[in-house]
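A short reminder: the numbers here are calculations on the coordinates, not readings from a lab. Keep in mind it's a predicted model, so treat the numbers as computed, not measured. So basically every Cβ, Gly included, is an ideal-geometry build from the backbone, and we count neighbours across all protein chains shown.
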Amino acid sequence: MTQTWTATGEELVRALAGRPDAELVRLLGVRPDLATPAPSSMTALAARAATRPSVERALALLDRFGLTVVESLAALSATGRPTASGVAAALAVPEGAVAEVMDRLIELALLVDGAPVPAVVEAVGPHPAGLGPPLSELPRSDDAADPPPAPTTPDQLADLLRSAPPEAGRTLAELRWGPPVVTPDGDRPGASWLLEHGVLRPLSGTQLALPLEVGLAARDGRTHREVQRTPPTTELPQRPAAVVAAEGTRAAEEVVRLVATLLAVWQQEPPVALRNGGLGVRELRRAAAVLEIRQHDAATVVELMGMAGLVAPYETGEESLWAPTLGAETWADEALGVQWARLAGAWLSSARTPWLVGTRNDQGTLRAALDPSLERGWARRLRHRLLTTLAALPARSAPGAAELAEVLRWHAPRATPPQPAVAAVLAEATILGVVGAGALTDAGRALTEGEDAAAALEKDLPEPVSEILVQGDLTGVVPGRPAPELGALLGHATETESRGSALTVRFTPASVHRALDAGLSGEELLEALRRYSRTPLPQPLEYLVTDTARRHGQVRVGAATSYVRLQDPGTAGELQGHPDLAVLQLRPIAPTVLVSSARPAELLEALRAAGVAPVLEGPEGSVATVPSAVGRAGVRAPAGRGRRSAEAPVRVRRPGPEDLAELVRRMRTGEERARRSAEQHASGVLARTDPVHALAVLREATRAGAQVDLVIVGATGRAERRRVQPLSVDAGRVRMRDTDRDAEITVAVHRIQAVAPVQPA
């Protein structure tokens with residue numbers, strides 16, 4: 001049996017039960033898997049906290065130094081109960097640093113009075129810190145009934161090695177820092193000498209191992225060769241504050257402009273959604289062309305719109321479209337800082353992975369933007385970790401993706417993100433303006449720390465400019481960030497030529513047409529431009545606007561579903577004035593032609609009811625002899641372009657502090673019931689046991705070689721009480737020896753109704 005010094009289940013229960021309620025609430029908040037599903041008692045909580053999967057999750061919260069301390073604890077627990085001073089000596093670090101980590105491990109319920117819970121040792125692995133099994137776990141040599149004593153101190157090992165052949169010294173040097181297992185063969189002539197003198201011990205028929213005690217002696221009592229207590233430090237470039245602010249605000253303005261532009265386009269022409277809900281490659285390519293950016297960046301913009309709930313699928317009954325939501329109207333009316341904060345906040349809390357757009361999944365299918373399959377639970381954590389890491393660096397530090405990935409690996413070695421994902425998230429932060437010139441901006445820091453990110457961005461934004469310099473070549477320059485009103489006017493009336501510290505635009509016939517289509521007359525457009533122009537408008541611009549306005553609207557396009565063609569122009573006036581036909585909204589487009597938005601069948605029926613004798617005209621102008629052939633299903637109405645509010649994503653609600661406090665009260669009550677059940681067990685009654693608790697009791701009895709009383713539900717549904725000695729617990733089955741019947745049985749865990757340690761006589 002193993003002699004590893006680990007905390008028992010009873011010790012962990014006592015330690016947890018002795019904590020104040022506030023500390024238990026903090027534990028459940030840090031290790032949320034312990035609270036779901038709710039444990040029934042403190043014993044059930046301890047049992048769940050000591051399971052391997054839960055311990056693995058808790059270890060993922062530790063940084064590299066914390067895991068180093070855990071490995072040292074696991075190694076030293078094989079020789080006795082570890083202490084902070086002993087671990088500090090084994091790591092050659094100050095005792096205070098180790099004590100701080102051990103306090104953290106106690107807080108996480110991974111350590112009890114210096115002893116780790118068994119699952120911690122299991123999670124570290126069979127060779128913690130590269131050390132072999134302890135002498136107590138190694139079998140004796142086959143050819144020696146009484147093996148020579150192992151040198152377990154540095155002095156004993158040094159004395160022994162003075163007479164060792166050189167090959168033995170080289171073999172020991174190779175095993176000193178691990179791995180501690182060697183296969184003796186012709187290439188390892190020193191292994192036999194080391195075996196004969198007790199330095200090595202047989203591990204199996206073909207392997208020799210360097211015992212843990214001898215390995216520590218070979219390392220002069222150290223468990224690790226090197227210990228890294230702080231994150232890796234490199235000379236990171238520093239950016240001037242003005243450059244960081246300028247780059248961040250420029251990117252923030254640009255991403256808001258891109259989103260607003262694409263929302264306006266999709267409002268007029270919503271793209272068709274794919275069958276799986278994503279956006280097709282052709283539609284994404286069209287969006288990139290409209291925004292004049294790369295297709296990969298367009299995918300990021302589209303995903304940002306989805307994250308912020310600005311677009312959502314809209315079902316027309318015939319097809320599914322991606323259309324702006326009602327929330328997009330509210331967003332469009334907000335100030336720039338608020339618009340940006342909403343986009344950045346949605347990005348930070350999103351589990352979407354836009355960088356996977358364009359890659360292929362395991363089935364070879366291309367991943368599309370807005371595809372539901374782009375959800376990754378770790379993406380949200382990675383964004384938070386990346387921004388938190390940037391915020392912890394000296395102000396205006398600009399690390400690259402490689403440096404960031406290395407720091408993230410130090411902070412969470414067991415939850416290391418791949419470097420390409422780190423680079424992708426850093427690129428997204430740069431597009432958003434959370435990062436400027438490679439460094440975290442003030443607005444990005446406010447976003448990370450949960451402060452007013454909108455106000456932080458507004459503080460760095462340059463003052464808006466309400467003037468334009470119009471030149472004779474039909475170009476205009478805005479020397480700064482245009483004010484919202486000027487920006488809206490130029491968005492309608494100009495084509496953008498360049499952006500930067502100044503905005504350069506050009507007036508063209510097509511751009512002037514857009515302004516006129518938006519409802520401005522030629523004179524209104526010129527008057528608006530005069531208000532913002534420092535100098536009189538050049539004559540070429542006035543000629544362009546006047547000529548374009550004169551031609552604008554001479555040809556008109558409208559929508560009509562059906563028409564009425566008449567022989568007498570006077571009849572047209574009668575039909576328009578008929579009170580029973582007002583619902584048809586008849587309007588003339590020629591003296592003898594009226595149009596309506598009603599379907600032909602509806603128009604035909606209404607005219608007949610009004611006493612008119614119409615006939616149905618076919619596509620070529622001939623009279624249709626079977627009017628009933630065209631019904632409501634024969635003519636399609638124009639596809640709707642409506643909108644709907646974005647649907648909130650489905651999320652699992654985590655218990656809040658009040659919920660956890662109530663759970664702690666229920667567990668204490670459940671523990672009291674469990675205590676009374678234990679008293680009943682002493683009197684011969686075995687109460688039903690929580691499944692997690694039952695597994696913990698069985699595993700602990702397996703390690704200790706102890707007996708337990710249990711109740712098994714048989715194949716007939718009848719409960720049977722037995723006294724057994726558990727031998728192994730694995731894959732949902734328990735192998736045990738029935739001590740009363742002296743027979744070995746294997747039972748599925750779900751058949752065990754109750755279990756309790758055998759009470760001492």
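Summary table
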quantity: Size of charge dipole - the chain - debye, nearest 20, with Cβ of Lys, Arg +1 and Asp, Glu -1, no other charges; calculated: 1180 debye
quantity: Two-site FRET efficiency, Leu61 against Glu605, from Cβ-Cβ distance with R₀ of 51 Å, rounded to 0.05; calculated: 0.10
quantity: Exposure proxy ranking, count of Cβ atoms within 10 Å, fewest first, for Trp378, Trp340, Trp266, Trp331; calculated: Trp378, Trp331, Trp266, Trp340
quantity: Fewest-first ranking of Ser77, Ser72, Ser54, using other Cβ atoms within 10 Å as the exposure measure; calculated: Ser54, Ser77, Ser72
quantity: Hz values of 3J(HN,Hα) by residue in the range 526-534 - Karplus curve (6.51, -1.76, 1.60), Gly and Pro given as x; calculated: 4, 5, 5, 5, 5, 5, 9, 7, 5
quantity: For Leu440, distant residues with modelled amide H under 5 Å away; calculated: Arg396, Ser397
quantity: The chain - share of DSSP beta bridges that are antiparallel (%, nearest 5); calculated: 95 percent
quantity: Computed label-point distance, nm, for sites Ala510 and Ala560 using a 7 Å Cα→Cβ extension; calculated: 3.1 nm
quantity: Linear extension gain, Thr316 paired with Arg665, 0.36 nm per residue minus alpha-carbon span; calculated: 120.5 nm
quantity: Cβ-Cβ FRET estimate between Arg381 and Gln238, R0 fixed at 30 Å, reported to 0.05; calculated: 0.60
quantity: Whole-Hz couplings from phi, Karplus 6.51/-1.76/1.60, listed for the range 569-580; x for Gly and Pro; calculated: x, x, 5, 4, x, 5, 5, 5, x, 6, x, 6
quantity: Integer Hz, Karplus 6.51/-1.76/1.60 couplings in order for the range 431-436, x for Gly and Pro; calculated: 4, 6, x, 5, 10, x
quantity: Centroid-to-centroid separation of the range 507-532 and the range 204-264 [C-alpha atoms, Å]; calculated: 54 Å
quantity: Computed lengthening from Gln268 to Arg14, 0.36 nm per intervening residue step minus Cα-Cα distance; calculated: 84.8 nm
quantity: Glu174, Glu226 arranged by Cβ crowding within 10 Å, fewest neighbours leading; calculated: Glu226, Glu174
quantity: For the range 469-551: rounded, prolate or oblate by the Cα gyration tensor [a/c cutoff 1.5]; calculated: prolate
quantity: Label-point gap, in nm, between Gln585 and Tyr543 - each point 7 angstrom along Cα→Cβ; calculated: 4.3 nm
quantity: Three-way shape call for the range 9-130 based on the alpha-carbon gyration tensor, with the a/c threshold at 1.5; calculated: prolate
quantity: (i) 1.04; (ii) 0.97; (iii) 1.15, with the label sought being that of the calculated Rg/Rh (Cα atoms, Kirkwood Rh); calculated: (iii)
quantity: Efficiency of FRET between Asp517 and His578 - r from beta-carbon atoms, R0 25 angstrom, step 0.05; calculated: 0.15
quantity: Extension reserve of the Glu658-Ala402 stretch, reckoned as 0.36 nm per residue once the Cα distance is removed; calculated: 88.0 nm
quantity: Ser192 versus Ala455: modelled label distance in nm, points set 7 Å from Cα along the beta carbon direction; calculated: 8.1 nm
